[in-house]
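Below: one structure, written as structure tokens.
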Amino acid sequence: MGKKAAAVTVCVVVAAAAAAGASVVARRQMKKSAKWSRAMGIVREFQDKCDSPIGKLRNLADAMTVEMHAGLASEGGSKLKMIISYVDNLPTGEEEGCFYALDLGGTNFRVLRVHLGGKDKDIIPTEFVEVPIPPCLMTRSSHELFDFIAEELAKFVATEDEKSHPFPGRQRELGFTFSFPVRQTSISSGTLIKWTKGFSIEDAVGEDVVGELNKAMERVGLDMRVAALVNDTIGTLAGGRYYNPNVVAAIILGTGTNAAYVERANAIPKWQGPLPRSGDMVINMEWGNFRSSHLPLTEYDDDLDVASLNPGEQIFEKMISGMYLGEILRRVMLKMAEEAEFFGDTVPEKLKNPFILRTPHMSTMHHDTSSDLKDVASKLRDILEINNTTLRMRKVIVELCDTIATRGARLSAAGIYGILKKLGREITREGEDQKSVIALDGGLFEHYKKFKQCMESTLKELIGEEASDTIDIIHSNDGSGIGAALLAASHSQYL
Ligand code: ADP
Ligand code: MG
């Protein structure tokens, strides 16, 4: 072979190599676009499963009213416990004096000193401290949890000055807001049915939570009496009613979710006691445990449930509340990373950590209005150590936030509509112009603006134009603490 032939051969080899290189690039690109389509397939499938058209919401509201009837008919008759609260009188606005409240809800607990001043309703002077619950105490022993609470309570009481002492010579009285399912045995006692929201302290289940608190208060030498045991929904209902006599129900959207409402006592077949003078009885629905075949559940919800501390329980809560929304998002992102290499060749290590992505992070990403979605980029970087995301990827993350928050918000609206239906207040009736007011509270409702807006607009959509003037939603800020103090006042031993 001559020189020329050799040169030709080299050329051919070079051309072949170039062609091969181009096809590797093309193949990589093709692979990249195939991965993107795969990721989008995961997103679309998730969105389809989360869909909650108005017809489905109406079915859900109907299912909610059916379960409400069943839960009122007999103990254990429904997934909805419909717990009788023993609160048959809501505040009138006449309450006076200084009372304490203790609010144990999930993420933090708060101690309040509430100065009830009778007529002047515009503001109720309140002092409080908020203490994060050390996560380790959520799963250890009843003794340790209640000792911690009693110690903080004693520290707060010690800040009391002369004039804020309730009534010198009298025992201090406390409204205890304990927001876990409790079988109430009187206004000031009740046994814990089960833990929710990440708490799991075996030895407390079946015990009287007031008894546990009393023992701890004794151990720390604090002389105080629990006058009322309520949960946050009942506190919020009482606090709301103090300001607005048309409040008929209260909903909490915080770490968990729950609802309470005012029922006619003679519509509660399982109530064996005497008919209250008011004719009313407040019911704690424990609606977080609602479940229905109409719920738009996905594989991510099923997996989250199986991995949770309370599998098979609180299914409604796990689709709606602050403890879980961020975790659902993490699970979808993890699947996209594992099955479509959405974040690159390797699955980001941090993304494998359950509950690392909290709902407030999700809310920040969802509300990012910057043109380059810089808040999304920084959350992904800071929390998940995912760097170098493209704008297109970040847009997908925002879309996922929207899907998850929208589903939660629409389901909560359907639940509220179910309560209104049970009360016969979902439509305007001839000759009736009484308003129905729903008091809402909780960190999710308060801070997650898009969630709140979607919930409110969906409720309007369900109620329809005609009746929407007669139904109001109010934010009962701090209602639960003040409400508990109000109920302590109306159940004081000194009345
Ligand atoms: P709890 O329900 O524990 O009594 P809160 O009502 O204060 O307490 O609710 C706290 C929960 O609210 C948090 O666990 C979180 O899920 C949610 N939350 C708090 N801040 C935000 C936020 N900015 N955006 C979305 N959710 C939030
Ligand atoms: Mg709370």
> Which angle from 0 to 90°, rounded to the nearest 10, does the C-alpha axis of helix 3-50 make with the longest principal axis of the chain?
Replying inline: 20
>> How large are Rg and Dmax for region 113-266 when calculated on the C-alpha trace, in angstrom?
In response: 16.5, 46
> How long is the gain from SER370 to HIS143 if the chain were fully straight, where each residue apart is worth 0.36 nm and the alpha carbon distance is subtracted?
Replying inline: 76.8 nm
> So what's the projected area for region 349-443, the Cα convex hull averaged over all directions, in nm²?
Replying inline: 8.7
>> If packing is taken as the average count of other Cβ atoms within 10 Å, what order do 354-366, 276-288 fall into, highest mean first?
In response: 276-288, 354-366
> PRO311: net charge of surrounding residues, Cβ under 11 Å, Lys/Arg +1, Asp/Glu -1, itself excluded?
Replying inline: -3
> What's the angle, to the nearest 10 degrees (0 to 90), between helix 374-384's Cα axis and the longest principal axis of the chain?
Replying inline: 90
> Which order, highest average first, do 474-480, 298-304 follow once you tally other Cβ atoms within 10 Å for each residue and take the mean per peptide?
Replying inline: 474-480, 298-304
> Using the Kirkwood radius built from alpha carbon pairs, what does the Stokes-Einstein equation give as D for the chain at 37 °C and 0.692 mPa s, in µm² per second?
Replying inline: 133
> With every protein chain in place, what's the accessible area of CYS136 (1.4 Å probe, Å², nearest 10)?
Replying inline: 60
> So which lysines pass the test for LYS155, namely a Cα distance under 23 Å, with those fewer than 8 places away in the same chain ruled out?
Replying inline: LYS163, LYS215
>> If I fit a long axis through the Cα atoms of helix 391-422 and take the longest principal axis of the Cα atoms of the chain, what angle between them do I get, 0 to 90°, rounded to 10?
In response: 30
> Working out 0.36 nm times the residue gap between ARG58 and LYS449, then minus their Cα-Cα distance, what length gain in nm do you get to one decimal?
Replying inline: 138.4 nm
>> With the cut-off at 30 Å, tell me which of the pairs LYS194/LYS379; LYS35/LYS197; LYS32/LYS352; LYS32/LYS374; LYS49/LYS197; LYS352/LYS449 have Cα atoms farther apart than that.
In response: LYS194/LYS379; LYS35/LYS197
> Applying the Karplus parametrisation 6.51 cos²θ - 1.76 cosθ + 1.60 with θ = phi - 60° to the phi angles of region 212-217, what ³J(HN,Hα) value in whole Hz is obtained for each residue in order, glycine and proline being reported as x?
Replying inline: 4, 5, 4, 4, 5, 5
> Okay, helix-only estimate at 222 nm for the chain: each DSSP H run of n ≥ 4 adds -39500 (n - 2.57), divide by all residues, round to 500 deg cm²/dmol; what do you get?
Replying inline: -15000 deg cm²/dmol
> Setting aside same-chain residues fewer than 8 positions from LYS56, which aspartates and glutamates have a Cα under 14 Å from its Cα?
Replying inline: ASP48, GLU461
> When we measure straight from the Cα of LYS435, which lysines land under 17 angstrom away, once same-chain ones fewer than 8 places off are left out?
Replying inline: LYS421, LYS422, LYS460
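The values are calculated or read from the model by the stated rules, or taken from the named source; none is laboratory data. Please read all numbers here as calculations on a predicted model, not as lab measurements. For neighbour counting, all protein chains shown are included, and Cβ atoms are generated from backbone atoms with ideal geometry for every residue, glycine included. These accessible areas exclude ligands, DNA and RNA; they are computed on the full protein's heavy atoms, side chains included. Shrake-Rupley method; radii C 1.70, N 1.55, O 1.52, S 1.80 Å.
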